[in-house]
Amino acid sequence: MKKTKFALAGSMILGVLSSAQAADKPPAVYWMSVSTEVGAAFGMGGMAMPSVGEMVSEGLLGGMFGGSKSATPESGSARRSILLQLSSPETTSDPRADHFIPPGQQMGESLPLISPRTTTGKLSRQEAPDEAPEPEKPKGKILMYWGCGDKIRSGQPKVLDMGTASPQQYAAFFRAYAVGGQRGPRPASGWTYARWPNEKDSQQVPKDSSLVGAQTVKASYAPEIRFDIPRQQDFLDPVVFTEMGSNPSEAISLRWKPIPNATGYFTMAMGGRGDNEMVIWVSSEAPHMGWSLMDYVPTGEVHKLVKERVVMPPANTECKIPQGVFKDAGAMLQFIAYGQDLDLSHPARPKNAPKGWMPDWTAKVRLKSTTMTMLGQEVHEKAATGTGSGGGRDYTSQPRKKGGTDVLENPLKSIKGIFGL
């Protein structure tokens, strides 16, 4: 009897020690980033809107304003995209992983998760950062407007003279919301990282694909990850405008179809006037650079920003850009609908999780629906190819004339002039 008791006690101690050791190891992390994209949003490839400096240095302004074929709006069309990312503290010489998907996804039995190849080569002298020429100091002004409504509000616009502004003035003007949230999978020393799409498989997501059902991730370097995706976390419907005003001398009315399961909406527009003015407008009730909100935002943050009137609530389906904001200025409009995150772990997180609680794995499904289009396009009744229920609207650019001059001829020219390009 004593032997049995000692054996049982020893087994329990070993079990506790084993659990403690397991708890010391960070969990494997898996993310599914699910996007519905319309028009020029295709060209962004699911990326967040970059900073002004990045836009200029990387030539992205040209893509946004017609300089890149991939960023040209495709009338009424939409596509679905998925980014799968897995990271684990386990390492192996032969990393293998697959995500087994439900039949409704229509992409085969599984999607391979491949670890990206790493390069150890050093930068050449021509590529070295310290060899890059010093950029010319920007010139011109940036005008910022904010809020939905018929008229420009008192105290607007907020103006930054880029030729004379101090670093402190730059910092204050380019204020953006710091969107908090869980850190996603990414390459890191001592971890194994893999993703889809990749060089082995980069197939397009079918327009009628559905994520609803059982999802299983099997990897040689991570625990098996199993979860179900409910209807609420399926692809969001595409953004469909039912009205878009085309007269910049008046308030520009924006109306859109409500998107089921959306948690909030945000929109912003940017354009150029003349050779030395850049104009930015955001739908929020407070001034800020909206680019940090033009990507996935954690659901808790969205709810907070709705309360602060930075993000429009899901019941809202209209907004007006105040009269005169984009008078004589060509502009590009961006719009995003946020979906409801699905956060999972194994074992499931207890209600009052103790400090240091660590699961075997965590998983997140995050969703968004975006569009990018030129302001001033007229809405035409025309069935559109796209995703989700129903079609979309066809937007055909109708250049606005003033004194025989097309004010949409090249809005990029004004912005390039500000930055001396």
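Bear in mind these aren't lab numbers, they're just calculated from the coordinates by the rules spelled out. From a predicted model like this one, the values you see are computed outputs, not experimental measurements. Cβ placement follows ideal geometry from the backbone for every residue including glycine, while neighbour counts extend to all protein chains displayed.
Exceeding 32 Å between C-alpha atoms, which entries from my cross-link table qualify? They are Lys200/Lys368; Lys151/Lys364; Lys139/Lys364; Lys320/Lys368; Lys218/Lys304; Lys151/Lys207.
Those over the limit are Lys151/Lys364; Lys139/Lys364; Lys218/Lys304; Lys151/Lys207.
Go ahead and run the numbers for FRET between Lys218 and Ala353, Cβ-Cβ distance against an R0 of 22 Å, rounding to 0.05.
FRET efficiency, Lys218 to Ala353: 0.25.
Contour minus end-to-end for Glu199 and Glu90, with contour as 0.36 nm per residue of separation and end-to-end as the Cα-Cα distance?
That works out to 36.9 nm of additional length.
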